[in-house]
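*Asks:* Sharing a structure, written as structure tokens. Questions coming.
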Amino acid sequence: MASSRLLWASRAASYLRISPLCRGFSTVLQELKYADSHEWVKVDGDSATVGITDHAQDHLGDVVYVELPDVGANVKQGKSFGAVESVKATSDVYSPVSGEVIEVNSKLSDSPGLINASPYDSGWIIKVKISGAGELNTLMDSDKYAKFCEEENAKH
């Protein structure tokens, strides 16, 4: 019975040109830059807002806790600054840029699920005063990140 349902789902998915085993493709926003560790950065002048991508939150599952750095802490590109704990696993969060933490999203302490519900808006994690603007050139644009995610999904 289960195999016939899976066969039907595979045929339907094939007709609709979607994968039957994942929810489809995650949202990638044009105006953001992306790290290969699945964090996004939105630059506004000399500061940047950082969070995890829709792809990352989808793979994590329901987020139950977010470890935030202190305001005033220094972060370095590619280095961990906190963690996101879900029902499936705990994952480090890496900074896509270097600089000083100027704000943390304190709403995540009471509502960590904001990362799942709104990863690019109310689920942001930190804001950083950027110290190395040239680092932005090492990040992916939305097209490269979308391709990166497709290739990663194909491996699994």
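The values are calculated or read from the model by the stated rules, or taken from the named source; none is laboratory data. No experiment lies behind these values; they were computed from the predicted model shown. Positions of Cβ are backbone-derived with ideal geometry, glycine not excepted, and every protein chain shown enters the neighbour counts.
*Asks:* Just to verify a result, which residue in the range 52-89, among those that are assigned to a loop (DSSP other than H, G, I, E, B) and either in contact with a helix residue (DSSP H, G or I) (Cβ under 6 Å, 6 or more places away or on another chain) or among the charged types (D, E, K, R) (or both), is farthest from W40 (Cα to Cα)? Let's see the steps before the verdict.
*Replies:* Just the residues of the range 52-89 that are assigned to a loop (DSSP other than H, G, I, E, B), to begin with: 53, 61-62, 68-73, 76, 78-79, 87-89.
Within this subset, residues satisfying the condition of being either in contact with a helix residue (DSSP H, G or I) (Cβ under 6 Å, 6 or more places away or on another chain) or among the charged types (D, E, K, R) (or both) are 62, 70, 76, 79, 88.
On the way: D62: 19, D70: 20, K76: 15, K79: 14, K88: 22 Å.
Top of the filtered list is K88.
*Asks:* Go through the residues of the range 36-47 one by one and say whether even a single one is assigned to a loop (DSSP other than H, G, I, E, B), out of contact with any Cys (no Cβ under 9 Å at 6 or more places or on another chain), at pLDDT 90 or above and surrounded by 13 or more Cβ atoms within 10 Å (Cβ to Cβ). Reasoning before the result, please.
*Replies:* Step one: filter the range 36-47 for residues assigned to a loop (DSSP other than H, G, I, E, B), giving 36-38, 45-46.
Subset that is out of contact with any Cys (no Cβ under 9 Å at 6 or more places or on another chain): 36-37, 45-46.
Next cut, at pLDDT 90 or above only: 36-37, 45-46.
From what is left, the residues that are surrounded by 13 or more Cβ atoms within 10 Å (Cβ to Cβ) are 36-37.
The answer is yes, given that some residue of the range 36-47 is assigned to a loop (DSSP other than H, G, I, E, B), out of contact with any Cys (no Cβ under 9 Å at 6 or more places or on another chain), at pLDDT 90 or above and surrounded by 13 or more Cβ atoms within 10 Å (Cβ to Cβ).
*Asks:* Has the range 119-127 got any residue that is outside any loop (DSSP other than H, G, I, E, B), closer than 24 Å to E152 by Cβ and either in contact with a Lys or Arg (Cβ under 6 Å, 6 or more places away or on another chain) or touching a residue at least 12 places away in the same chain (Cβ under 8 Å) (or both)?
*Replies:* No, the conditions are met nowhere in the range 119-127.
*Asks:* In the range 93-103, which residues are within 22 Å of D54 (Cα to Cα) and surrounded by fewer than 16 Cβ atoms within 10 Å (Cβ to Cβ)?
*Replies:* The answer is E103, and nothing else.
*Asks:* What's the total number of residues in the range 132-155 that are touching a residue at least 40 places away in the same chain (Cβ under 8 Å) and over 14 Å from H38 (Cβ atoms)?
*Replies:* 6
*Asks:* Could you check how many residues of the range 93-118 are in a strand (DSSP E or B), in contact (Cβ under 8 Å) with a residue 40 or more places away in the chain and more than 13 Å from A56 (Cα to Cα)? Lay out the reasoning, then the answer.
*Replies:* Going through the range 93-118, the residues in a strand (DSSP E or B) turn out to be 93-95, 99-104.
Narrowing further to those that are in contact (Cβ under 8 Å) with a residue 40 or more places away in the chain: 93-95, 99, 102.
Right, trim to more than 13 Å from A56 (Cα to Cα) and you get 95, 99, 102.
Total meeting the criteria: 3.
*Asks:* Which residue pairs have Cβ atoms closer than 6 Å, lie 6 or more positions apart in sequence or on different chains, and pair a first residue in the range 77-92 that is buried (at least 18 other Cβ atoms within 10 Å of the Cβ) and modelled with pLDDT of 95 or more with a second residue that is of a type outside the set (F, W, Y) and assigned to a loop (DSSP other than H, G, I, E, B)?
*Replies:* That search, which allows pairs on different chains as well, returns Q77/V97; Q77/S98; F81/P69; G82/L68; G82/P69.
The rows are residues; the columns are (1) surrounded by 14 or more Cβ atoms within 10 Å (Cβ to Cβ); (2) among the aliphatic types (A, V, I, L, M); (3) under 26 Å from Q30 (Cβ atoms).
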| position | (1), (2), (3) |
| --- | --- |
| I52 | yes, yes, yes |
| Q57 | yes, no, yes |
| P69 | yes, no, no |
| N74 | yes, no, no |
| S106 | no, no, no |
| K127 | yes, no, yes |
| G134 | no, no, yes |
